[in-house]
Structures are given as C-alpha cells and as structure tokens.
Amino acid sequence: MSTNTWKQVDQYYASKLQKSDSIMESVLKENSEAGLPAIDVSPNQGKFLSLLAQLKGAKSILEIGTLGGYSTIWLARALPEDGRLVTLEFSETHAKVAARNIRNAGVEEKVEIKVGAALDTLPSLKGPFDFIFIDADKQNNANYLKWALQLAQPGAVIITDNVVRGGRVIDENSEDESVQGVRSFAEMLSREDRIDSTVVQTVGSKGYDGFVMGIVK
Ligand SMILES: C[S@@+](CC[C@H](N)C(=O)[O-])C[C@H]1O[C@@H](n2cnc3c(N)ncnc32)[C@H](O)[C@@H]1O
Ligand SMILES: [Mg+2]
C-alpha cells in the first residue's frame with residue numbers, strides 16, 4: 001500500500017464526511033501565507049479531535065502547541081456556549097496568526113492563547129481541565145504529561161499527537177530528539193498508574209503517525 005493511496009483515501013473520506021468548510025480552509029491558507037509549517041493535524045484528524053471532545057462532553061480544554069490555531073478551532077467548536085479553551089504557544093508569530101484565525105472562526109470568546117514556553121506558562125494555569133491535547137515540542141512530552149496529570153480532573157481525556165513518527169519511535173538508538181522525547185513519554189506512561197492509555201496509529205495526508213489517548217483515573 002503506497003503513501004499515495006493513504007492520501008487519496010484520506011481525501012476521499014474528507015470529501016464524504018466533512019461539509020465544505022471555508023473557515024477551516026482559510027485557516028490553512030492564512031497559515032501558509034504567513035510561512036507557518038504545515039504541521040497541523042489533518043482535516044480528518046481535526047474532526048476526530050472535535051468528535052472526541054464532544055463524546056467527552058468537554059467544557060474546559062487545554063492545548064499545548066497552537067501553531068496557527070487549526071486544531072484549536074476544531075476543539076473550540078466542540079465546546080458548549082460556556083466552555084473554554086486555553087492554548088499554549090511559544091512563537092509570537094504563530095500566536096498572532098492563530099489569534100487572527102480564531103477571531104475569523106468566531107470562537108475567540110472561548111479561546112485564550114498564552115504565549116511563551118509551555119513549561120513557563122503551565123504553572124500559571126487554573127485547572128481542572130477535562131480534555132487535554134499535547135502537540136508541541138516532542139522533547140518535552142514527558143514534562144507535558146506530568147503537567148497534564150496535575151491539571152486534569154478525574155475522567156479527563158489526554159490526547160498526545162505524533163507519537164509514531166513514521167515508525168521511528170521503536171528505534172532506541174535514534175539521535176532524533178523528538179523520537180527520544182516520545183520514547184521518554186511512553187516510558188513514563190508505562191510506569192504511571194493515574195492514566196489508562198492506548199495508541200491509535202494513523203496514516204493519511206500527514207504520513208504515518210499516531211495518537212496516544214488516555215483517561216485519567
Ligand atoms: C505541531 S505544531 C502544533 C499544531 C497544532 N496543534 C495543530 O494541529 O494545528 C507545534 C507548535 O508548538 C509550538 N512549540 C514548540 N515548542 C514549544 C514550547 N516549548 N512551548 C509552547 N509551544 C511550543 C511550535 O511553535 C508550534 O507552533
Ligand atoms: Mg501534531
């Protein structure tokens with residue numbers, strides 16, 4: 001099965017399962033015009049996150065890693081009127097683009113962007129959160145999991161993106177810091193009793209990757 005087939009199937013299902021969405025399309029266009037890297041979740045993955053947040057009945061979402069706000073908007077759309085989402089972004093440039101996209105998507109009332117290194121902004125956050133999406137610098141995944149567990153309420157869902165890395169996660173000798181970050185995160189999960197997790201491997205327009213998803217006890 002070729003990478004091209006994955007992409008075509010991804011597009012096929014996006015065309016069947018998602019209504020034409022000028023807002024989400026314009027987010028990706030704005031990101032590209034602003035020179036942001038195209039490392040957002042795919043449309044099907046964004047919808048997956050949104051459906052998960054709805055299944056959970058999420059009211060307070062924490063996202064670590066905003067980029068241009070693509071996943072942020074998918075998640076914010078899942079919130080009820082009185083729901084809130086805090087998203088953490090290191091880059092001022094990314095945060096500015098995200099703020100514009102979030103405003104254009106009409107969800108700015110629910111979303112707060114905190115600019116800075118997440119490990120510096122996390123201590124200022126008021127929990128608890130019932131849904132947490134970790135998708136920033138993978139080197140810090142274990143630190144983010146530690147914070148997520150601290151800020152989560154019992155029953156909260158924690159999703160961590162890009163945990164397969166084209167299969168490179170199984171290379172214990174990898175010199176790639178992101179691979180080692182994901183491996184430390186997996187190691188931590190293997191010893192952590194406060195969360196029950198599984199992995200979902202994914203293929204599609206973003207290649208071969210995956211999510212770890214868990215429920216906090
Ligand atoms: C993969 S992108 C996020 C994609 C986004 N969640 C989406 O799917 O649309 C990762 C983001 O994390 C940000 N980032 C990197 N290191 C960070 C840090 N230490 N603290 C907060 N954000 C960071 C990057 O600037 C980048 O915008
Ligand atoms: Mg990601």
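The values are calculated or read from the model by the stated rules, or taken from the named source; none is laboratory data. A quick note: this is a predicted structure, and the numbers were derived from the prediction, not measured. Positions of Cβ are backbone-derived with ideal geometry, glycine not excepted, and every protein chain shown enters the neighbour counts. Ligands, DNA and RNA are stripped out before the accessible areas are found, and what is left, the full protein with its side chains, is counted by its heavy atoms. Shrake-Rupley method; radii C 1.70, N 1.55, O 1.52, S 1.80 Å.
Of the heavy-atom accessible surface of segment 3-216 (probe 1.4 angstrom), what whole percent is carbon and sulfur?
50 percent
Just how many % of Cα pairs in segment 118-211 lie over 18 Å apart, if you round to the nearest whole percent?
For segment 118-211, the fraction of Cα-Cα distances above 18 Å is 45 percent.
So with the 1.4 Å probe, I'd like the accessible area per residue for segment 3-216, rounded to whole Å².
On a per-residue basis, 50 Å².
Kirkwood hydrodynamic radius, segment 31-78, all distinct C-alpha pairs: what's the number in Å? Intermediate results must be reported in sequence, preceding the final value.
Numbers: mean 1/r = 0.0890 Å⁻¹.
Hydrodynamic radius (Kirkwood, Cα only) of segment 31-78 equals 11.2 Å.
Using a Gaussian network model of the chain whose springs link C-alpha atoms within less than 10 Å, name the residue from R77, R183, R168 with the highest mean-square fluctuation.
Comparing R77, R183, R168 in the GNM, the peak value goes to R168.
Could you give the C-alpha radius of gyration of segment 3-216 expressed as a fraction of 2.2 N^0.38 Å, taking N as the number of residues it contains?
Cα Rg divided by the expected 2.2 N^0.38 Å: 0.96.
Only four residue types carry charge here, +1 at the Cβ of Lys and Arg and -1 at the Cβ of Asp and Glu. Report the dipole size of segment 3-216 about the Cα centre in Debye, rounded to the nearest 20.
520 debye
If each DSSP helix of 4+ residues adds -39,500 (n - 2.57) and the sum is divided by the residues in the chain, what number results at 222 nm, nearest 500 deg cm²/dmol?
Using -39500 (n - 2.57) per qualifying helix, the result is -13000 deg cm²/dmol.
Pick from T93, T72, T198: which is most flexible by mean-square fluctuation in a GNM of the chain where alpha carbon atoms under 10 Å apart are linked?
For the chain, modelled as a Gaussian network with Cα springs under 10 Å, the answer is T198.
Find which of A156, A142, G207 sits farthest along the positive direction of the dipole of the chain, computed with +1 on the beta-carbon of Lys and Arg, -1 on that of Asp and Glu, about the Cα centre.
My answer, from the dipole projection, is A156.
Between L52, F129, S15, whose Cα lies farthest towards the positive end of the dipole of segment 3-216 when Lys and Arg beta carbons carry +1 and Asp and Glu beta carbons carry -1, centred on the Cα centre?
S15
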